[in-house]
Amino acid sequence: MGFGFGQRRGGVLPVERTSFVGRAAELELLCAALDRSRLVTMVGPGGVGKSRTALRAASALRERFPDGVWLAELSALRDPELVPATLATVFELPEQSGMATIDALVAHLRGRRLLILLDTCEHLADACGMLCDILLREAEAVSVLATSRQPLDVPGEHCVHLPPLEPEEAVELFAQRAAAVVPDFAVTGTNREPLRALAGRLDGIPLALELAAVRLRAVPLAELAERLDHRFELLTGGQRGTLTRHQTLRTAIGWSHELCTPRERLLWARLSVFAGPFDLTAAEQVCADGELSRVEVLETLIGLVDKSVVQRVAGEEARYRMLDTLREFGADRLESSGGAEAVRDRHLAYVRELGQRFWDGLLTPDQVGLHRALRARVADLRAALGHAFADGGRAAEGLWLAALLAPFWRAAGTLSEGRFWIGKGLALVPEDCPERAWGLFMTGVSAVWTADLETALECFPQARQAARRCGERRVELFTDAYLGAMAALSGETERGLAELEDARQRIVAAGDGLGIAVVHYEAALLRAVLGDPAGALELCATGLDHLAGTGERQLYGSTLVVQGVIRWLAGEHEASAGPARQALEAAAEVGEVLVAALACLVLAWHAARQRRWARAGWLLGYAENARRLSGDPVAMLPSLLEEHESAQAAVRAALGPEEFERWRRAGARMSGTEILEAVRADAELPPSAGAPPGVPGARGVRAAGGVLTPREREVAALVSRGLSNREIAERLVISKRTADAHVEHILAKLGIGSRTEIPPPHELPGPRARGTREADPAGRPEDTGGRA
């Protein structure tokens with residue numbers, strides 16, 4: 001698992017799972033429009049294929065944007081205030097201390113030449129428009145391709161209207177989808193005209209054509225066309241051509257709905273409450289009741305999959321999703337059924353139960369899996385919180401859910417979103433109660449980690465007062481510790497340390513596992529700030545002993561990285577490397593970006609000390625990009641900034657300003673997963689980077705898993721013989737797209753920038769036997785199959 005809870009690692013474009021038909025003229029228009037304008041919006045009705053066409057265009061434009069093409073899928077997002085945070089997550093950009101998310105985005109994007117694909121903007125048009133306006137004005141090399149049912153109305157926007165498919169393209173699409181459900185289906189002289197008539201009746205709308213093609217499982221083509229034509233005549237009174245395209249799509253969807261069984265219609269409506277992918281257990285918990293039993297949900301879900309209303313998501317775990325247009329249709333039916341509130345309440349209960357399991361499992365081996373589960377369900381977290389706060393009677397439930405997710409918000413680098421939801425809850429729950437006490441406390445903790453000490457000093461006393469009045473002893477105890485630390489930082493050193501130590505002892509006496517883990521590494525940080533490294537390291541050791549064997553990774557990684565930084569600053573340079581590498585490994589398992597950044601900072605100092613200048617450069621670039629030291633609470637450590645500036649100056653002097661900036665920028669663009677794999681491989685150069693003259697290790701550098709697969713070795717051998725990708729595809733009987741992907745992977749793994757640099761077969765790194773083990777940078781055996 002890589003760092004960052006983005007929708008896909010590095011905004012990677014999804015692989016096409018079905019064939020792409022037509023749109024050559026529209027693709028050419030899009031590419032030409034992006035030559036003239038930095039904001040291009042593809043506009044068209046639902047179901048016309050905007051997302052698919054934009055993805056194809058973005059893929060074709062990769063070479064034009066050296067800093068990448070980044071996809072932000074917005075269909076599941078409902079709150080416009082979270083648009084900047086969602087884009088920041090795509091870039092795996094964590095919270096920056098004392099910096100608004102939009103400012104952090106601008107700082108990250110400025111100077112980069114890249115394309116952002118904002119997909120499905122219509123329900124967030126104002127927020128997307130404002131975001132684009134800011135980015136276009138302040139990040140001069142960034143371009144945006146948006147898809148929407150309406151323009152964003154931003155100065156400089158160029159709109160490209162996406163019409164339905166041309167008649168021949170519509171027939172081709174229908175035929176290809178029909179062949180997938182009826183293997184011997186083909187366009188013939190006999191059926192071509194009925195096909196053209198059917199495609200024309202559906203206005204060439206791809207989604208409508210695909211829904212109709214599924215019906216061929218049960219209905220012959222001639223009967224299908226007749227039934228469809230009859231349905232349109234009923235809607236138009238026999239006057240052909242009077243339906244709008246929107247009505248055409250709704251009619252096609254409605255027809256699919258009528259062909260479903262009553263149970264399938266009911267489940268379709270209820271599944272619409274899921275904002276993102278869901279599994280069978282979730283569907284059973286949320287959708288079953290006296291009218292539809294849990295036993296019936298599976299059979300009914302299979303029916304909806306067979307009818308292409310629900311799609312199965314590719315992957316090992318059985319998960320499902322609905323297209324936006326079909327979800328909207330189901331939501332309309334749910335509202336009209338009168339049962340929407342009960343279904344949404346069950347959805348909130350399902351998400352709340354997941355959040356509670358996360359909280360209860362924080363100090364267990366389940367923590368890693370629960371982080372992943374939350375990451376996969378961010379859209380549903382937001383939907384559930386939105387429902388809780390829309391219903392005044394559920395606000396306390398929503399506040400507790402938002403508060404107990406604080407460790408997740410921190411790991412994901414989205415503390416501002418956590419504070420957003422907690423703030424909504426606090427505004428709706430003014431009375432003293434455990435939920436309010438925890439909400440105030442977690443707001444204070446989040447403020448500490450974003451260097452917002454003013455908010456922390458405001459929230460902690462309120463949290464303690466609320467906790468005392470409602471008897472929430474745990475919050476009172478935790479808050480005592482933080483208030484002691486705040487006093488020590490504010491100049492009342494002796495009193496503050498005494499209060500903190502008293503609270504620490506009471507937490508230990510109470511046997512509170514979470515409190516013990518947190519208070520020791522945070523107290524260690526404070527001790528180091530106040531110039532007591534020996535006391536700080538003793539606290540770290542106690543905290544690590546407490547966490548040993550629990551399977552917990554987030555607080556373990558936090559404690560290790562604090563230990564590593566303190567050891568370095570205390571002059572124990574060699575002893576600091578092990579904790580930093582171990583912290584990086586632990587951070588990888590739960591996606592803790594901030595811990596990873598500090599670990600890389602220590603490892604960059606090590607690289608500079610060893611005169612591995614290029615390695616130091618990209619490690620510094622990643623650390624600086626992921627965690628700004630200015631205003632960071634960790635930056636209060638004695639000499640941390642001085643150490644950082646000294647290492648930076650040494651690396652710059654050794655490489656020269658131009659090469660230093662090259663490697664620093666390379667590191668800033670790396671994902672957490674790439675960093676982990678490069679550190680594990682002890683790589684001199686990052687993935688996909690060629691070495692400049694004088695930097696050793698240009699050939700054979702192995703990052704991101706390093707060795708080539710047997711198929712990649714086969715492709716590499718053909719490349720070294722001078723074959724083109726198309727010739728390789730023909731030789732190996734694979735698609736050209738697959739050959740293209742293999743070559744890209746080979747270049748990345750070998751750390752080279754051009755196919756002409758691929759060495760002959762005898763110089764290629766061969767595949768290791770599966771399950772072999774080798775020493776990782778931390779000095780312990782590591783399964784080469786790796787978790788990350």
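Whenever a residue of the range 401-413 is closer than 23 Å to ALA100 by Cβ, its partners that are of a type in the set (S, T, N, Q) and not in a helix (DSSP H, G or I), lying with C-beta atoms within less than 9 angstrom and at least six residues away or across chains, give the pairs PHE408/THR414. Among the candidates GLY551, GLY564, GLY591, the residue that is over 21 Å from ALA523 (Cβ atoms) and either of a type in the set (A, V, I, L, M, F, W, C) or in contact with a Ser or Thr (Cβ under 7 Å, 6 or more places away or on another chain) (or both) is uniquely GLY551.
Consider GLU157 carefully, then state whether it is closer than 18 Å to ALA212 by Cβ, of a type in the set (D, E, K, R) and open to solvent by 10 Å² or more (accessible area, probe 1.4 Å). Spell out how you get there, then give the answer.
Numbers: closer than 18 Å to ALA212 by Cβ: no; of a type in the set (D, E, K, R): yes; open to solvent by 10 Å² or more (accessible area, probe 1.4 Å): yes.
For GLU157, the condition - closer than 18 Å to ALA212 by Cβ, of a type in the set (D, E, K, R) and open to solvent by 10 Å² or more (accessible area, probe 1.4 Å) - is not met.
I'm checking my understanding of the structure. Among residues of the range 38-66 that are open to solvent by 20 Å² or more (accessible area, probe 1.4 Å) and within 21 Å of GLY111 (Cβ to Cβ), which one is modelled with the highest pLDDT? Here the residue is ARG38.
Of the residues in the range 694-723, how many are modelled with pLDDT under 80, not in a helix (DSSP H, G or I) and not charged (D, E, K, R)? Selection size over the range 694-723: 15. In the range 532-553, is there at least one residue being more than 12 Å from LEU500 (Cβ to Cβ), touching a helix residue (DSSP H, G or I) at 6+ places or on another chain (Cβ under 6 Å) and not in a helix (DSSP H, G or I)? Checked against the condition, which is being more than 12 Å from LEU500 (Cβ to Cβ), touching a helix residue (DSSP H, G or I) at 6+ places or on another chain (Cβ under 6 Å) and not in a helix (DSSP H, G or I), the range 532-553 yields at least one hit. Applying the set (1) over 26 Å from the mean Cα position of the chain (by Cα); (2) assigned to a helix (DSSP H, G or I) to ARG611 leaves exactly one unmet item: (2). Among the conditions (1) touching a Phe, Trp or Tyr at 6+ places or on another chain (Cβ under 8 Å); (2) open to solvent by less than 10 Å² (accessible area, probe 1.4 Å); (3) in a helix (DSSP H, G or I), the only one that HIS108 does not satisfy is (2). Put simply, of GLU494, GLU522, GLU501 the only residue that is over 28 Å from TRP359 (Cβ atoms), assigned to a helix (DSSP H, G or I) and among the charged types (D, E, K, R) is GLU494.
Restricting to the range 447-477, and then to whatever is in contact (Cβ under 8 Å) with a residue 40 or more places away in the chain and either in contact with a His (Cβ under 7 Å, 6 or more places away or on another chain) or part of a helix (DSSP H, G or I) (or both), can you tell me which residue is most open to solvent (accessible area, probe 1.4 Å)? Spell out the reasoning first.
Step one: list which residues in the range 447-477 are in contact (Cβ under 8 Å) with a residue 40 or more places away in the chain, which gives 448-452, 474-475.
Right, trim to either in contact with a His (Cβ under 7 Å, 6 or more places away or on another chain) or part of a helix (DSSP H, G or I) (or both) and you get 448-449, 474-475.
Working: VAL448: 18, TRP449: 31, ARG474: 79, VAL475: 0 Å².
Result: ARG474.
For the residues ALA691, ALA666, ALA653, the requirement of being modelled with pLDDT of 85 or more and either touching a Leu at 6+ places or on another chain (Cβ under 9 Å) or assigned to a loop (DSSP other than H, G, I, E, B) (or both) singles out ALA666.
Scan the range 184-197 for residues that are modelled with pLDDT of 85 or more, open to solvent by less than 60 Å² (accessible area, probe 1.4 Å) and in a helix (DSSP H, G or I) and the total you get is 1.
Screening the range 562-608 for residues that are assigned to a helix (DSSP H, G or I) and charged (D, E, K, R) and picking the one that is nearest to LEU685 (Cα to Cα) gives ARG581. Screening the candidates ARG352, ARG357, ARG319 for the property of being more than 21 Å from GLY47 (Cα to Cα), basic (Lys, Arg) and touching a Pro at 6+ places or on another chain (Cβ under 8 Å) yields one hit, ARG319. Using the structure shown, decide if THR542 is free of Cβ contacts under 8 Å to residues at least 24 places away in the same chain, open to solvent by 30 Å² or more (accessible area, probe 1.4 Å) and among the polar types (S, T, N, Q). Considered against the rule, which asks whether it is free of Cβ contacts under 8 Å to residues at least 24 places away in the same chain, open to solvent by 30 Å² or more (accessible area, probe 1.4 Å) and among the polar types (S, T, N, Q), THR542 comes out as yes. Is one or more of the residues making up the range 393-400 modelled with pLDDT under 95 and either under 16 Å from HIS347 (Cα atoms) or surrounded by fewer than 24 Cβ atoms within 10 Å (Cβ to Cβ) (or both)? Yes, the range 393-400 contains a residue that is modelled with pLDDT under 95 and either under 16 Å from HIS347 (Cα atoms) or surrounded by fewer than 24 Cβ atoms within 10 Å (Cβ to Cβ) (or both).
In the condition set (1) in contact (Cβ under 8 Å) with a residue 24 or more places away in the chain; (2) closer than 26 Å to ALA517 by Cα; (3) touching a Gly at 6+ places or on another chain (Cβ under 8 Å), ALA395 is compliant with all but (2).
Across the range 478-511, which residue is farthest from LEU440 (Cα to Cα) among those that are open to solvent by 40 Å² or more (accessible area, probe 1.4 Å), under 37 Å from the mean Cα position of the chain (by Cα) and not β-branched (Val, Ile, Thr)? Break it down into steps so the answer makes sense when it comes.
Applying the first criterion (open to solvent by 40 Å² or more (accessible area, probe 1.4 Å)) to the range 478-511 yields 489-495, 498-499, 501-502, 504-506, 508-511.
Imposing the further condition that a residue be under 37 Å from the mean Cα position of the chain (by Cα) reduces the set to 489, 504, 508, 511.
Next cut, not β-branched (Val, Ile, Thr) only: 489, 504, 511.
Details: LEU489: 20, ARG504: 20, GLY511: 23 Å.
Selected residue: GLY511.
The sole residue among LEU109, LEU55 that is touching a residue at least 12 places away in the same chain (Cβ under 8 Å) and within 19 Å of PRO14 (Cβ to Cβ) is LEU55.
Could you say whether any residue in the range 124-137 is part of a loop (DSSP other than H, G, I, E, B) and either farther than 30 Å from LEU453 by Cα or out of contact with any strand residue (DSSP E or B) (no Cβ under 7 Å at 6 or more places or on another chain) (or both)?
Taking the range 124-137 as the starting set, the residues that turn out to be part of a loop (DSSP other than H, G, I, E, B) are none.
No: zero hits.
The set of residues in the range 563-578 being under 24 Å from GLY515 (Cα atoms) and open to solvent by less than 10 Å² (accessible area, probe 1.4 Å) consists of GLY564, VAL565, ILE566. From the list ARG737, ARG726, the one residue that fits, being assigned to a helix (DSSP H, G or I), modelled with pLDDT of 75 or more and open to solvent by 60 Å² or more (accessible area, probe 1.4 Å), is ARG726. When LEU363 is tested against (1) in contact with a helix residue (DSSP H, G or I) (Cβ under 8 Å, 6 or more places away or on another chain); (2) surrounded by fewer than 21 Cβ atoms within 10 Å (Cβ to Cβ); (3) assigned to a helix (DSSP H, G or I), just one condition goes unmet, and that condition is (3).
Of everything listed in (1) within 28 Å of GLU458 (Cβ to Cβ); (2) of a type outside the set (Val, Ile, Thr); (3) free of Cβ contacts under 8 Å to residues at least 12 places away in the same chain; (4) open to solvent by less than 30 Å² (accessible area, probe 1.4 Å), the single unmet condition for GLU431 is (4).
Scanning the range 78-94 for residues that are more than 22 Å from MET670 (Cβ to Cβ) and in contact with a Gly (Cβ under 9 Å, 6 or more places away or on another chain) yields a total of 2.
Applying the condition of being open to solvent by 20 Å² or more (accessible area, probe 1.4 Å) and touching an Asp or Glu at 6+ places or on another chain (Cβ under 7 Å) to the range 121-154 and asking which residue is nearest to ALA54 (Cα to Cα) yields ARG149.
Considering only the range 602-617, state which residues are touching a helix residue (DSSP H, G or I) at 6+ places or on another chain (Cβ under 6 Å) and either more than 17 Å from ALA524 (Cβ to Cβ) or surrounded by fewer than 23 Cβ atoms within 10 Å (Cβ to Cβ) (or both). LEU603, ALA604, TRP605, HIS606, ALA607, ALA608, TRP613, ALA614, ARG615, ALA616, GLY617, listed by residue number.
The values are calculated or read from the model by the stated rules, or taken from the named source; none is laboratory data. Predicted model only: the values in this text are computed from it and were never measured. Every residue, glycine as well, gets a Cβ built from its backbone with ideal geometry; the counts of neighbours run over all protein chains shown. All accessible areas refer to the heavy atoms of the entire protein, side chains included, with ligands and DNA or RNA removed. Shrake-Rupley method; radii C 1.70, N 1.55, O 1.52, S 1.80 Å.
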